[in-house]
Amino acid sequence: MKIKVLGCSGSEMPNSHPPAFLVDNSMLLDAGTVTSLLTENAQSKITHIFITHAHLDHIKSIPSLADNMLVNNIKHKIEIIGVKNVLKALKANLLNNSIWPDFTNIPSHKPVLGLRSIEVGKRYSINGYGIIAGKVNHSVPAAGYIITDSKGRRLVYTGDTGPGAGLWTRVNAETKTTAVNALIIEVTFPNKMKDLAIITGHLTPALLLGELKKLKKLPEKILITHPKPQFSKIIAKELHRLGIKQIEMLKEGKTYVI
Ligand SMILES: [Zn+2]
Ligand SMILES: [Zn+2]
């Protein structure tokens, strides 16, 4: 499985982009940064977008991607996948014919976007991948994903989460024999901002350690996303001090093969 990091920052600045991960050229995990980085040809290969939650930094490239699909007369529909409340918020607040046209109805005979809601804990086969959504603990409805490819390689992506994600129960059930190959998990704030992290549904390095202890098997790679760029140096130091060798902060533009 090939994961290209389009963005992995907890806010937008020059050289720091909101989260989006391109898996095997065709699937996106979140869509905070897509059209400003991918060529039209690369955009046209996207068929599925898994959204963790409806916060703007995770969805904000969807409008321009839909627009480009229409203008370039791309024939396939992009399926946007998420749990019900996330898709409801996306439709009500973004693709609502007010903030942006409702591309789930444009063109009316063959819309460029489709919405597909999936249920937490159920097993799906989508685009040739095994998909399970698991609840995470954020300030709005949110779910992370367990993604398994045809070779059995397994990626877990949390999106934004505070402590106590129900996702871990699903991960433990799926990893009785082999560990997850890569976990992409958020750390947004440094340790001194623990209170803010908990109120806003995010993690610090110390809180991350607490979450990792809930896993029966430590993932082979633990890749950190969503740090606030203002704190990324101190977060990196605090992560290093945890002494877990497979923890690594993700780098924008880099491709990880798991
Ligand atoms: Zn969020
Ligand atoms: Zn976010």
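The values are calculated or read from the model by the stated rules, or taken from the named source; none is laboratory data. Remember, predicted model here, so these are calculated numbers, not experimental data. Positions of Cβ are backbone-derived with ideal geometry, glycine not excepted, and every protein chain shown enters the neighbour counts.
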**Prompt:** Do you know which of the residues in the range 157-179 that are at pLDDT 95 or above, outside any helix (DSSP H, G or I) and surrounded by fewer than 24 Cβ atoms within 10 Å (Cβ to Cβ) is nearest to ligand 2 (Cβ to nearest atom)?
**Reply:** 162
**Message:** Regarding the range 220-236, can at least one residue be identified that is over 29 Å from residue 37 (Cβ atoms) and surrounded by fewer than 18 Cβ atoms within 10 Å (Cβ to Cβ)?
**Reply:** no
**Message:** Suppose we filter the range 8-32 for residues that are within 10 Å of ligand 2 (Cβ to nearest atom), farther than 21 Å from residue 92 by Cα and buried (at least 21 other Cβ atoms within 10 Å of the Cβ); how many remain?
**Reply:** 4
**Prompt:** Any idea which of 112, 86 is on the phi < 0 side of the Ramachandran plot, surrounded by 14 or more Cβ atoms within 10 Å (Cβ to Cβ) and within 16 Å of ligand 2 (Cβ to nearest atom)?
**Reply:** 86
**Fill in**
residue 147 fails exactly one of (1) within 16 Å of ligand 2 (Cβ to nearest atom); (2) within 15 Å of the chain's Cα centre (by Cα); (3) not aromatic (Phe, Trp, Tyr), namely (1)
**Item:** Whichever residue in the range 69-93 is in a helix (DSSP H, G or I) and within 15 Å of ligand 1 (Cβ to nearest atom) and, among such residues, is farthest from residue 125 (Cα to Cα)
**Value:** 93
**Item:** Candidates 199, 106, 99, filtered to the one that is more than 27 Å from residue 257 (Cα to Cα) and touching a Ser or Thr at 6+ places or on another chain (Cβ under 9 Å)
**Value:** 199
**Request:** Output the residues belonging to the range 33-54 that are within 16 Å of ligand 2 (Cβ to nearest atom) and farther than 16 Å from residue 100 by Cα.
**Result:** 33, 34, 49, 50, 51, 52, 53
**Message:** Tell me whether the range 52-68 contains one or more residues that are more than 16 Å from ligand 1 (Cβ to nearest atom), of a type in the set (Gly, Ala, Ser), at negative phi and not in a strand (DSSP E or B).
**Reply:** yes
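Output the residues belonging to the range 116-133 that are on the phi < 0 side of the Ramachandran plot and not hydrophobic (A, V, I, L, M, F, W, C).
116, 117, 119, 122, 123, 124, 125, 129, 130 - these are the residues of the range 116-133 that are on the phi < 0 side of the Ramachandran plot and not hydrophobic (A, V, I, L, M, F, W, C).
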**Complete:** Scanning the range 211-239 for residues that are within 14 Å of residue 185 (Cβ to Cβ) and more than 21 Å from the chain's Cα centre (by Cα) gives 213
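Considering every residue within the range 218-230, establish whether at least one is at pLDDT 95 or above and of a type in the set (Lys, Arg).
Checked against the condition, which is being at pLDDT 95 or above and of a type in the set (Lys, Arg), the range 218-230 yields at least one hit.
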**Fill in**
By residue number, the members of the range 55-83 that are surrounded by 14 or more Cβ atoms within 10 Å (Cβ to Cβ) and not hydrophobic (A, V, I, L, M, F, W, C) are 55, 57, 58, 60, 61, 63, 64, 67, 68, 77, 79, 82
